[in-house]
Amino acid sequence: MTPSAIDKYDFETGVYRPPSEGGSNSLLVRLTRNCPWNRCTFCGMYKAERFQVRPVAEIKKDIDAMAALRDDLAALSGRSGKNGEATRHAAVALIGRHPALNHHPGFAMLYHWLLSGGRTAFLQDANSLIMKTGQLVEVLGYLRRTFPSIVRVTTYARSKTLVQKSLDDLKAIRRAGLDRLHVGLESGDDALLEKIQKGATAEIHVKGGKKALAAGFQLSEYWMPGLGGKAHWQDHARNTARVLSEIDPHYIRSRPFRAWPGTPMAREMAGQTFEMLTPEEQLRELRLTMQDLSVTGRVCFDHAGNSWKNSRGQLLFTHSYEGYQFPEEKQTVLDLIDDGLSVGSR
């Protein structure tokens, strides 16, 4: 915010969050800055930034600033503010009083979150669980008390961090109010995980995922169709299905590989040492993964990268955040893939 703005409204907002936690869906609360690992060769999200754990007092101050905005918007709306009500009239009036809010990076996020009901929160940035357990528990309690309308709190987490945290610590964090973890699996193939410098083996992914489930978290695992390219697509498909089946998370989310400019993998493509799969080849890989997958959660294609088309020229899969329930809808997904493949064979 600019120096002319009231300090009580000043809080940080990070850039990245899962699509299911974006838009007006979640209050974005920044606990850490950037990524503590930051070596994955496919990722360009945090390469120019240094990782930091924010002090608890600083995070609480941000939460207080968000609450001040909530309360002032509710007061201007002519209501009690206890449930975080807000109206367009109140937002316009508050900006009229404090024009610097036009340039506040988090004002629109908070306003639209309140309009949506103020029910979920996402803890930024890349790995909130790396905080000391007592500090994270304190922040979660403060957030929940300050915003009692929140019914779900989620965050990104790394499998290795889950392995390193004790089960008792994870249970304490869960009791404090963290409900769902978003974990980047990317692949279940050890050779590919090493190649992309993920910092986790298939075994670590399995142990971390199972530990999260044992602690009572909802678990959302992400994988990248196409990440192995033409050389490793079968191992990538089969081993990813094997690892995901061993974990059996609540959600499995597809994020098809795309080369991020400036990353090592983009340079491999430019040097022709990595060959991308065609959309049809990606679908064949995807079919192999789905065929081998044995889980009881939901498989989701909730991202713009899942852009395959069916025989009618429409998106092949729903982009719903709830996706398809397995095993009940496994054959449905396989049939959809076959329909998509039929387009390429014509």
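Points worth noting:
- For the chain, CYS35, CYS300 have no disulfide-compatible partner, since no other Cys C-beta lies under 4.7 Å from theirs.
- Were the residues from ASP168 through SER307 laid out at 0.36 nm apart, the gain over their Cα-Cα distance would be 45.9 nm.
- For segment 189-308, alpha-carbon Rg relative to the globular expectation (2.2 N^0.38 Å, N residues): 1.06
- A cut-off under 12 angstrom between Cβ atoms defines the neighbours of ARG144, and their net charge, with Lys, Arg +1 and Asp, Glu -1, is +1.
- Amide H contacts under 5 Å for ILE252, placed H, 5+ residues apart: GLU221, ARG298, VAL299, CYS300
- Altogether, the Stokes-Einstein calculation at 10 °C and 1.306 mPa s, with the Kirkwood radius of segment 1-119 over Cα pairs as Rh, returns a diffusion coefficient of 103 µm²/s.
- Protection-proxy order for peptides 236-244, 259-267, each taking the mean of Cβ atoms within 10 Å per residue, highest first: 236-244, 259-267
- In the chain, the longest principal axis of the Cα atoms and the axis of helix 133-146 are about 60 degrees apart.
- For Rg/Rh (Cα atoms, Kirkwood Rh), calculated from these coordinates, the label among (i) 1.13; (ii) 1.00; (iii) 0.94: (ii)
Readers should treat all values here as calculations from the given coordinates under stated rules, not as data from a laboratory. Quick caveat, the model's predicted, so the values are computed rather than measured. With ideal geometry, Cβ positions are generated from the backbone for all residues, glycine too; neighbour counts draw on all protein chains shown.
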